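Notes to accompany the following structure.
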Amino acid sequence: MEYLQTNQGLWSDDVGKREFKQVSATSTRIMGLGKDSVKHVEEIEKLRESPPNIIIATCTKSVKFVQNWFKEQELKKKTKYVMGLGVFQQLQYDSRTKKRLLRPTNIKFKNLYRPYIGQDATDKTILVFRTGGIGDLLFIQPNLRYLKEKYPTCTIQFACGPQYQPMVDNWDCVDEVCDLPFTFGKLKNADYHVLFEGVIERCKQAETENAYNLFSNWLGLNLSDDLLIPIQTAKEDLVEECESIIEEWGLEKKSYIVMQLRASSPIRTPRHEFWVKIIDELNARGYPVLLTDNPRQTENIDSFIKMLANQDMTFNFCQYSKSIDYTIALTSLAKATMATDSALGHIAASLDVPCFGIYGPFPGDIRLKTYPKGSWVDAVRHCGPCFIHGHTPCKHASSEGYSPCYDELIGTDEKLKVVVDKFEELIK
């Protein structure tokens, strides 16, 4: 039994030409993929013409691996699994021994793909899967709620990374949650498949259209903005835990701001000095700030807090956030949230909590437009918005890797005041 650690989670299903070339021509032919699989298109209707970058592979040697230090997964020998091309690239060989762990089958995904595009789903099974972060999953959720209400007898299966499952497990519209990669049997037995490979990353329409609208159009539902708001509830036992924690800190419900300092990608993450100015101004106006992230960031956040002018008004929640549902519970008790383009704003909106976004590479309206209690500021820079995805730092970044577009938002005291004033307008 081999064992792998994938500290950054599995790669996106969306790959570029460089990554595509890393898979042999024989493998891509077997998988039914070609150069069109990585092309960028103008509209999602054109994207439907390209075979998705999804493959079916056989596990040649049993392997265990962990995504983001969360839950152990196992791929079993001689079992077929469905995954994105990027995931296959990451797991096909053991990086230490170079032994092959996955081999592409001659079963082409495109020959089995039955996309859901608004068909009658009565008594049907719909398999939904997306390799992406929390925000991506919340973009999907309103459509699933709609389908479950319209077709109560349909069965919705949702495949995602284990680190996101504590959230999805709590959605009433989902009947079954399963791991990514998932077994071939699930693909074969489903009546319809829902995947969003390339919808944002390889489609120019995503640069002008809100992600919720885009995902709904991809499903053939075209729901109105008022229906495109995720809805979830925090788990009662975790809310009680969070209430105890904030009481120990001397805080009351709805008195504090929850903030997330980094996104999953460095290109969407401002430098620490940016956040110091923002938090110092919030503290000066009387707002306590709670910083959340995963427990591995506890020491980093402790070090960051030491940079602040009023350290007694900023608190580190990281050590308590054992899984995403702890941050959901904490957010449900908050006055508002502030974050860069990351999960926290979407979580807040799903709980009817005001969310304020700090946007750099993307404009805020393509993420937050549908939220009644959402607001944002957009960085203005000669090279933006750049709409760059992935984990490569901005080419204009400093040696630390942080994107410079955020700095111009607070380049002067007056600009800083404008940002925080706009936040206050949201929460009045």
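The values are calculated or read from the model by the stated rules, or taken from the named source; none is laboratory data. Given the structure is predicted, the values throughout are model-derived calculations rather than measurements. Note that we place each Cβ from the backbone using ideal geometry, even for glycine, and neighbour counts take in every protein chain shown.
Odds and ends about this structure:
- A count restricted to region 239-264 and to residues that are surrounded by fewer than 20 Cβ atoms within 10 Å (Cβ to Cβ) and part of a loop (DSSP other than H, G, I, E, B) stands at 9.
- Annotation note: of L219, L214, L195, the sole residue that is closer than 16 Å to L127 by Cα, at pLDDT 95 or above, out of contact with any Cys (no Cβ under 6 Å at 6 or more places or on another chain) and surrounded by 19 or more Cβ atoms within 10 Å (Cβ to Cβ) is L219.
- Residues of region 365-399 that turn out to be surrounded by fewer than 20 Cβ atoms within 10 Å (Cβ to Cβ), of a type in the set (G, A, S) and farther than 17 Å from M259 by Cα, as a count: 4
- Residue within region 287-298 that is in contact with a strand residue (DSSP E or B) (Cβ under 6 Å, 6 or more places away or on another chain) and surrounded by fewer than 18 Cβ atoms within 10 Å (Cβ to Cβ) present: no
- Restricting the first member to region 57-77 and to residues that are on the phi > 0 side of the Ramachandran plot, and the second to residues that are surrounded by fewer than 14 Cβ atoms within 10 Å (Cβ to Cβ) and modelled with pLDDT of 90 or more, the beta-carbon pairs closer than 7 Å and six or more apart or on different chains are W69/R296.
- Leading residue by the ranking (modelled with the highest pLDDT) among those in region 405-428 that are within 30 Å of H40 (Cβ to Cβ) and crowded, with 18+ Cβ neighbours inside 10 Å: L409
- Restricting attention to region 299-342, the residues that are under 20 Å from Q232 (Cα atoms), among the hydroxyl-bearing types (S, T, Y) and surrounded by fewer than 19 Cβ atoms within 10 Å (Cβ to Cβ) total 1.
- The combined condition, being assigned by TED's automatic domain parsing to the domain that holds P385 and touching a residue at least 40 places away in the same chain (Cβ under 8 Å), is fulfilled by E241.
- Comparison of V174, V199 shows that the only residue that is in a loop (DSSP other than H, G, I, E, B), within 27 Å of F129 (Cβ to Cβ), touching a residue at least 60 places away in the same chain (Cβ under 8 Å) and in contact with a Phe, Trp or Tyr (Cβ under 7 Å, 6 or more places away or on another chain) is V199.
- Being under 26 Å from K428 (Cα atoms) and in contact with a helix residue (DSSP H, G or I) (Cβ under 7 Å, 6 or more places away or on another chain) is a description that applies to A234.
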